[in-house]
Amino acid sequence: PMMAVEARQAEALRYLLTLEEYYPLEEIIEDTNADGTTLLNAAVQLAHTDIVKVLLDFLFEKTDASVVASYLTKSDVHGRTVGHYLFSTPSLLERLGGIIPWRQRDKHGQTPLFALCRSYDHPEYKSMVQAGLAAAQWAQGDNKPLQLDDHIDAKGNTLLHIVGDPEITRRILQSSDC
């Protein structure tokens with residue numbers, strides 16, 4: 001399956017996922033490349049929306065959201081999860097925003113929300129970051145303002161230090177616990 005993902009072969013992957021005797025759910029969830037990157041993480045990094053859709057449809061059909069949420073916590077050798085690469089496929093924010101591990105840090109102490117905020121040159125920067133802020137706040141599960149202390153990197157930078165848009169800065173100031 002990883003070869004199909006890395007070769008951007010959505011139909012080949014779709015076929016392989018039908019061969020449950022060879023590729024049961026557990027194998028798909030455990031499949032990684034040499035860097036520890038999961039199938040979904042690789043597809044997200046490649047920004048291949050067809051493959052991402054094939055994998056997510058398969059996962060949600062074969063298991064429940066708690067297993068998918070656990071799968072999303074799997075990190076690569078850099079400590080990065082699917083959430084850390086959402087800038088490659090920001091459309092996933094709508095489908096996965098509530099189960100992304102927003103507080104999980106990579107080796108530099110950066111959270112997925114931090115990674116979104118650092119994607120300054122992204123053509124959908126504003127809408128992507130706004131959606132990420134809303135999803136991260138909702139995922140806290142406490143109906144409170146976004147907890148900025150959960151999004152400070154290893155150098156002590158907060159979202160306010162790195163955000164690249166005055167309107168988003170205003171939103172963080174108004175809707176967080178700063």
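Using alpha-carbon pairs under 8 Å, 6+ residues apart, how would you state the relative contact order of the chain in percent? Before the final figure, lay out the partial values.
Working: 232 pairs, mean separation 27.4, N = 178.
Computed over the chain, the figure is 15 percent.
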What is the distance, in nm, between label points placed 7 Å from the Cα along the Cα-to-Cβ direction at Glu26 and at Lys155? 4.4
Give me the count of lysine pairs in the chain whose alpha carbons sit under 25 angstrom apart, restricted to pairs 8 or more positions apart or on different chains. 9
Taking 0.36 nm per residue of sequence separation and subtracting the Cα-Cα distance, how much length would be gained by fully extending the chain between Ala69 and Arg95, in nm to one decimal? 8.2 nm
Based on a Kirkwood Rh over C-alpha pairs, give the Stokes-Einstein translational diffusion coefficient of the chain at 25 °C and viscosity 0.890 mPa s in µm²/s. 147
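Out of the total accessible area of the chain (probe 1.4 Å, heavy atoms of protein only), what percent is carbon and sulfur? Working shown, then result.
Numbers: 4420 of 8930 Å².
Exposed carbon and sulfur together represent 49 percent of the surface.
If a/c stays under 1.5 just call it rounded; otherwise compare a/b with b/c (prolate if a/b is bigger, oblate if not). Do that for segment 1-70, with a ≥ b ≥ c from the square roots of the Cα gyration tensor eigenvalues.
Here segment 1-70 falls in the rounded category.
Ranking request for peptides 20-27, 127-134, 83-90, 111-118: highest mean number of other beta-carbon atoms within 10 Å first, then the rest in descending order. Display every interim value, and only then the final one.
Values: 20-27: 11.1, 127-134: 20.1, 83-90: 23.0, 111-118: 24.8.
Descending mean neighbour count gives 111-118, 83-90, 127-134, 20-27.
Suppose R0 equals 22 Å; then what is the FRET efficiency for Glu11 and Leu56 from their Cβ-Cβ distance, rounded to the nearest 0.05? Walk me through the intermediate numbers first.
Numbers: r = 16 Å, r/R0 = 0.74.
Rounded to the nearest 0.05, the efficiency is 0.85.
With a 1.4 Å probe and all protein chains left in place, how much accessible area per residue does the chain have, in Å²?
Numbers: 8930 Å² over 178 residues.
Each residue of the chain exposes 50 Å² on average to a 1.4 Å probe.
The values are calculated or read from the model by the stated rules, or taken from the named source; none is laboratory data. Treat the numbers as computed from the prediction; the structure is a model and nothing was measured. Quick reminder, even Gly has a Cβ in these numbers, built from the backbone with ideal geometry, and neighbours come from all protein chains shown. For accessibility, only protein heavy atoms count, side chains too; no ligands or nucleic acids. Shrake-Rupley method; radii C 1.70, N 1.55, O 1.52, S 1.80 Å.
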